[in-house]
Amino acid sequence: MDDASPLQGRDADRARELRRIKLAATLLLISTAALFGVARHFEPMHWAWGYVAAFASAATVGGLADWYAVVALFRRPLGLPIPHTAIIPSNHERIADNLGNFIESNFLAPETVAKKLGEVDFAAHMATWLGDRERSAALSAFAVRMLPKALAAIDEGGLRRFLAERLQTELQKIEIAPLAAGLLGTITEKGQHRRLLDELLGVLEKFLTNEQALAALRNKIRQELPAVFKLYRADAYLLRKIVASAIAFLEEARKDPDHPVRAEFDRFAKSFVERLGTSRSFARRAEEMKSELMARPEVAALAGHAWDGLRSFLERDAGSGDSQVQRQLEAMLVDIGGQLARDPAIRAEINRGMVEVLGEFVQSQRSGVGRFIADQVKSWDIDVLIGRVELTVGRDLQYIRFNGTLIGGLAGLALHVLEQGLKLQL
């Protein structure tokens, strides 16, 4: 059975109930009119019939007035072109506009939307959903299944070329010198540049203890010394002295944190960072190096090979029976759900963000929603609209006719009693 069948059944029941109530209200109106005629006929025979006639006449007038009011909402009474009747059909577009404006101004007001969104704990729902391993596994499996199609769409649809061009454009906009200065400035502030000095000192010490390096140095010294010194092997003596002094110096610099070499290196590093961030010549040379690097075909080829390799790996992994990416993604989702569940501060921050984002979205679409509702109401067939309204509130409107008949009759009876009382006093 489709979803429309229960609705149609309820509409049919409401329609039958509405016809029954209409018939009862109409029979009541006819009955009061008939009672008025009978009472007027027998009134000369007994004074009590006067009270009955007063009640019946006023009840008939009250019932007629309320019948007119109810009918005038939806159509023209008896088809007569009476002004200010058929109110709903005559004001169809105005009702639609007012309804759209009312919803836009009241239901979609910023304070109302923010209050309603604030009642929803988005982060808690997210944590519960992600914390369920079966749901996270299903989501990760779906993502992995879609991955090959997404990669193929990127390649075949020209998106890869577009992204590469956009990436290159954005990289060209980045100023290398200030960026490098900021990075190196952070490193020097934390003293991490001293590790570089330690590495340099260690490299120099290894160089001075390397036999091949020492042989090269000795050969260089022999070439520079006069022939008489070569006789006495002065080159070996000088080399030993130089190497011993250099190693001792390097050892002191490595062990002493306050060594002058370290202080000089600190000054050099800070000076270099400052010049890198402020010098136009440094900035110009850095930009030239970046442009030359970006223009080299090897860089583009490297990026292309990296993308092809990544795509090949992801496609093989997605096609395997035991996907590493899926396992890692599932574990990551479950871990995120657990962290959210344990950290109320993060949940509160996420909820505030969701309220702001969704609230801004609703406000950006607010006028559009109002116009959409107004346009939808305007597009409805007026007969269908009237039928729906009658099915919804018609039963209550018919009870107004019952109430009008009763209240009118009681008012007429009260006036007749007052009239008779005044006559007796006179």
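The values are calculated or read from the model by the stated rules, or taken from the named source; none is laboratory data. This is a predicted model, so every value here is computed, not measured. Virtual Cβ from ideal backbone geometry, glycine too; neighbours counted across all protein chains shown. We work out accessible area using only protein heavy atoms, side chains counted, and drop any ligands, DNA or RNA first. Shrake-Rupley method; radii C 1.70, N 1.55, O 1.52, S 1.80 Å.
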Rg from C-alpha atoms of the range 297-426, normalised by the globular rule of thumb 2.2 N^0.38 Å, equals 2.60
Expected sort for 60-68, 278-286 on mean C-beta neighbours within 10 Å, highest first, is 60-68, 278-286
With N residues in the range 327-389, Rg(alpha-carbon) / (2.2 N^0.38 Å) equals 2.04
Of GLN365, GLN324, GLN212, the most mobile residue in a GNM of the chain (C-alpha springs, cutoff 10 Å) is GLN212
Rounded to the nearest 10 degrees, the helix 260-278 long axis (Cα) sits at an angle to the longest Cα principal axis of the chain of 50 degrees
P(r) over all Cα-Cα pairs of the range 1-122, 5 Å bins from 0 to the longest distance, whole percent per bin, short to long, reads 2, 9, 9, 9, 10, 12, 12, 10, 8, 6, 4, 3, 2, 1, 1, 0, 0
Stokes-Einstein D for the chain (25 °C, 0.890 mPa s, Kirkwood Rh from Cα pairs), in µm²/s, comes to 72 µm²/s
In degrees, nearest 10, the alpha-carbon axis of helix 297-319 is tilted away from the dominant principal axis of the alpha carbons of the chain by 60 degrees
Ignoring ligands and nucleic acids, MET354 exposes an accessible area, probe 1.4 Å, in Å² to the nearest 10, of 60 Å²
When the chain is treated as a Gaussian network with springs between alpha carbons less than 10 Å apart, the largest mean-square fluctuation among LEU117, LEU159, LEU197 is found at LEU197
Two pseudo-spin positions, 7 Å from Cα along C-beta at SER279 and at GLU298, lie apart in nanometres by 2.6 nm
In degrees rounded to 10, the 0-90 angle between helix 176-189 Cα long axis and the longest Cα principal axis of the chain is 80 degrees
Checking the range 328-386 for trypsin sites (Lys or Arg not before Pro) in a loop per DSSP with at most 15 other beta-carbon atoms within 10 Å yields none
Regression test value, accessible area per residue of the chain, probe 1.4 Å, units Å², expected 68 Å²
Checked against a 28 Å limit on the C-alpha separation, the offending pairs among LYS206/LYS255; LYS241/LYS270; LYS173/LYS270; LYS206/LYS241 are LYS241/LYS270
